[in-house]
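Beneath this line is the structure, given in structure tokens, with notes to follow.
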Amino acid sequence: MMTEFPKGWETCKLGEICKIKARIGWRGLSANEYTEDGPFLIAGKHIRDGQVLWGNCDHISEWRYDESPEIQIQEGDVILSKDGTIGRPAHILALPDKTTINGTMMLLRPETQKLDPAYLFQQLGGFQFKTLVKERISGGSIPHIFQRDMVNLPIARPPLEEQKKIAEVLSSVDEAIRATQAVIEQTRTVKKGLLQKFFHRGDWEPNKDKALPDEFEVRLLDDLAKRGSGHTPNKKKTEYWGGGIKWVSLQDTKKLDRLYIKETTAEISDLGITNSSAVLHPKGMVVLSRDATVGKSAITTEPMAVSQHFIAWDCGPDLDRYYFYYWLQHMKPVFLNIGAGSTIKTIGLSFFKKLGIPIPAISEQRRVGQKMKELDELLFLHEQKLTQLKTLKAGLMSDLLTGRVRVKVAS
């Protein structure tokens, strides 16, 4: 369906107002020609969230750079990945040195009196371009954006000052997204470091001759927490299902590793509990998947049942549930390694019967658990903010790039 644009807007093909250059290869350029310094060589893998990761770029010699002047990058250019991970654009605001692109990339240099580069960059996140990328990815051949695709790409073009204002609005949201992503990455780095700091001895087992700090002791997990499991009621009995009792199963793996599990994909009934080996566990159980997606864990926020693919622990007075949850998070690589090698990954119950956990005094466990919980809550808050910003950006793009909502431009 054709979009009806407001008065004063024009539509044209991108190639009519933009220089578009791409090439299949680099005349035999190979990776062993890369240099330690010299002109930058950008590939699609060096682009993230519309920006070039200059520190990750390759370098080439001056004569290789001079060999292809038609793809030498200038400030203000827009570049685009056309092979492999296709459709990644970047707007070049500043150059650290001489720069060019490799054979997987395409150069877009708009006629700036007709098309604002920042506006073009935003259009490459819009409906028309995303439709083109989707078509190329879903095709039977290797995904590739041809130069003729971009030459013939329809583009809506408001007056130049309006283009600049639209780009300014959308770029401000991009900046907020990048800032939030940076906070998330930093918080994850801090979390990883604290997990290592608090649980660096987490692979200890009881009865092993290893030195322990005075404040730690290794205890059998079964001595600290009551271990339970679950079952799947007969799926042919409809009365066993949909009865309001949340039931943690492998369908819920995406909900795990987020501290708490609050909702489940399926629910069972009291009859399902009564007529199977399923158990309704109390609130605050720490659950762990031991099959398929091995090692994922969470704390239940209300009484729940689990399938036979999970273990559920009810922590006793000497084990803080948050300390235990984060220790399980730290132990994920160990669990994954144990579950590896079979067609369906699984950890037998015998492993958990002899599993030991290093613990300090309960007061220290609570301090560690609280610190990690606060960090996760901060992380979740920023992740929620990021989702909201991305939703805002998508809505603004839909409105502003079609003229459905107009921006105010100084007369």
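The values are calculated or read from the model by the stated rules, or taken from the named source; none is laboratory data. In this text, all values refer to a predicted model and were calculated from it rather than measured experimentally. All Cβ positions, glycine included, derive from the backbone under ideal geometry; neighbour counts span all protein chains shown.
Can you name every residue in segment 221-241 that is of a type in the set (Gly, Ala, Ser) and in contact with a Ser or Thr (Cβ under 7 Å, 6 or more places away or on another chain)? Talk me through it step by step, then tell me what you get.
Kept after step one, since they are of a type in the set (Gly, Ala, Ser), are these residues of segment 221-241: 225, 228-230.
Once the filter is applied, which keeps residues that are of a type in the set (Gly, Ala, Ser) and in contact with a Ser or Thr (Cβ under 7 Å, 6 or more places away or on another chain), segment 221-241 yields only 230.
All but one of (1) in contact (Cβ under 8 Å) with a residue 60 or more places away in the chain; (2) of a type outside the set (Gly, Ala, Ser); (3) in contact with a Pro (Cβ under 7 Å, 6 or more places away or on another chain) hold for residue 283; state the number of the condition that does not hold.
Every condition holds for residue 283 apart from (1).
Just need a number here: residues in segment 44-97 that are charged (D, E, K, R), part of a loop (DSSP other than H, G, I, E, B) and either touching a strand residue (DSSP E or B) at 6+ places or on another chain (Cβ under 9 Å) or on the phi > 0 side of the Ramachandran plot (or both).
Pass one, segment 44-97, residues charged (D, E, K, R): 45, 48-49, 58, 62, 64, 66-67, 70, 75, 77, 82-83, 88, 97.
Those still in the list that are part of a loop (DSSP other than H, G, I, E, B) too: 49, 75, 77, 82, 88, 97.
Subsequent filtering for residues that are either touching a strand residue (DSSP E or B) at 6+ places or on another chain (Cβ under 9 Å) or on the phi > 0 side of the Ramachandran plot (or both) retains 49, 77, 82, 88, 97.
Residues in segment 44-97 being charged (D, E, K, R), part of a loop (DSSP other than H, G, I, E, B) and either touching a strand residue (DSSP E or B) at 6+ places or on another chain (Cβ under 9 Å) or on the phi > 0 side of the Ramachandran plot (or both): 5 in total.
Conditions first: (1) at pLDDT 95 or above; (2) in the same structural domain as residue 23 (by TED's automatic domain parsing); (3) at negative phi. Residue 130 passes all but one, so which condition is the exception?
Only one criterion in (1) at pLDDT 95 or above; (2) in the same structural domain as residue 23 (by TED's automatic domain parsing); (3) at negative phi is unmet by residue 130, namely (1).
Which members of segment 363-381 meet the condition of being under 18 Å from the mean Cα position of the chain (by Cα) and either within 25 Å of residue 121 (Cβ to Cβ) or buried (at least 17 other Cβ atoms within 10 Å of the Cβ) (or both)? Spell out how you get there, then give the answer.
Of all residues in segment 363-381, those under 18 Å from the mean Cα position of the chain (by Cα) come to 376-381.
Of everything in segment 363-381, those that are under 18 Å from the mean Cα position of the chain (by Cα) and either within 25 Å of residue 121 (Cβ to Cβ) or buried (at least 17 other Cβ atoms within 10 Å of the Cβ) (or both) turn out to be 376, 379.
How many of the residues in segment 257-295 are touching a Leu at 6+ places or on another chain (Cβ under 6 Å) and either in a loop (DSSP other than H, G, I, E, B) or acidic (Asp, Glu) (or both)?
The number of residues fulfilling the criteria is 3.
Within segment 306-330, how many residues turn out to be closer than 10 Å to residue 225 by Cα and buried (at least 24 other Cβ atoms within 10 Å of the Cβ)?
Matching residues across segment 306-330 total 1.
Which residue is surrounded by the most Cβ atoms within 10 Å (Cβ to Cβ), if the candidates are limited to segment 233-259 and must be within 13 Å of residue 301 (Cβ to Cβ) and in contact (Cβ under 8 Å) with a residue 60 or more places away in the chain?
Restricting to residues being within 13 Å of residue 301 (Cβ to Cβ) and in contact (Cβ under 8 Å) with a residue 60 or more places away in the chain, the top hit is 248.
Table: residues versus (1) touching a helix residue (DSSP H, G or I) at 6+ places or on another chain (Cβ under 8 Å); (2) modelled with pLDDT of 95 or more.
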site	(1), (2)
55	no, yes
68	no, no
75	no, yes
88	yes, no
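For the subset of segment 145-170 comprising residues that are in a helix (DSSP H, G or I) and modelled with pLDDT under 95, which member is surrounded by the most Cβ atoms within 10 Å (Cβ to Cβ)?
From segment 145-170, those in a helix (DSSP H, G or I) are 147-151, 160-170; that's our starting set.
Keeping just the survivors that are modelled with pLDDT under 95 gives 147-151.
Details: 147: 15, 148: 10, 149: 18, 150: 22, 151: 13.
Ranking the candidates gives 150 first.
Just checking, how many residues over segment 226-256 are within 34 Å of the chain's Cα centre (by Cα) and of a type in the set (Ser, Thr, Tyr)?
Going through segment 226-256 one residue at a time, the tally reaches 4.
So which helices (runs of 4 or more DSSP H) are wholly in segment 308-411 and hold at least 1 residues that are within 30 Å of residue 10 (Cα to Cα) and out of contact with any helix residue (DSSP H, G or I) (no Cβ under 6 Å at 6 or more places or on another chain)? Full working, then the answer.
Working: elements: 321-330, 332-339, 349-353, 362-400.
Result: 362-400.
Sort out which residues of segment 35-44 are buried (at least 16 other Cβ atoms within 10 Å of the Cβ) and either charged (D, E, K, R) or over 10 Å from residue 102 (Cβ atoms) (or both), and write them in order of number.
Residues of segment 35-44 buried (at least 16 other Cβ atoms within 10 Å of the Cβ): 38-44.
Scanning segment 35-44 gives 38, 39, 40.
What number goes with the only condition from (1) under 21 Å from residue 403 (Cβ atoms); (2) at pLDDT 95 or above that residue 179 does not pass?
Exception for residue 179: condition (1).
Checking residue 64 against (1) touching a Pro at 6+ places or on another chain (Cβ under 9 Å); (2) within 18 Å of residue 45 (Cα to Cα), which test does it fail?
Against the list (1) touching a Pro at 6+ places or on another chain (Cβ under 9 Å); (2) within 18 Å of residue 45 (Cα to Cα), residue 64 comes up short only on (2).
Among the residues of segment 19-30, is any modelled with pLDDT of 95 or more, farther than 30 Å from residue 182 by Cβ and out of contact with any helix residue (DSSP H, G or I) (no Cβ under 7 Å at 6 or more places or on another chain)?
yes
Mind checking which pairs have a first residue in segment 332-355 that is within 24 Å of residue 195 (Cβ to Cβ) and modelled with pLDDT under 85 and a second that is aliphatic (A, V, I, L, M) and assigned to a loop (DSSP other than H, G, I, E, B), Cβ under 8 Å, 6 or more apart or different chains?
So the pair list comes out as 338/294; 338/347; 339/294; 339/347; 345/292; 345/294.
Among residues belonging to segment 139-196 that are under 17 Å from the mean Cα position of the chain (by Cα) and without any contact (Cβ under 8 Å) to a residue 24 or more places away in the chain, point out the one that is farthest from residue 369 (Cα to Cα).
Of everything passing the filter in segment 139-196, 179 is farthest from residue 369 (Cα to Cα).
Go through 174, 214 for me and flag whichever is of a type in the set (Asp, Glu) and modelled with pLDDT under 95. Steps first, answer last, please.
On the way: 174 fails: modelled with pLDDT under 95.
On inspection, the qualifying residue turns out to be 214.
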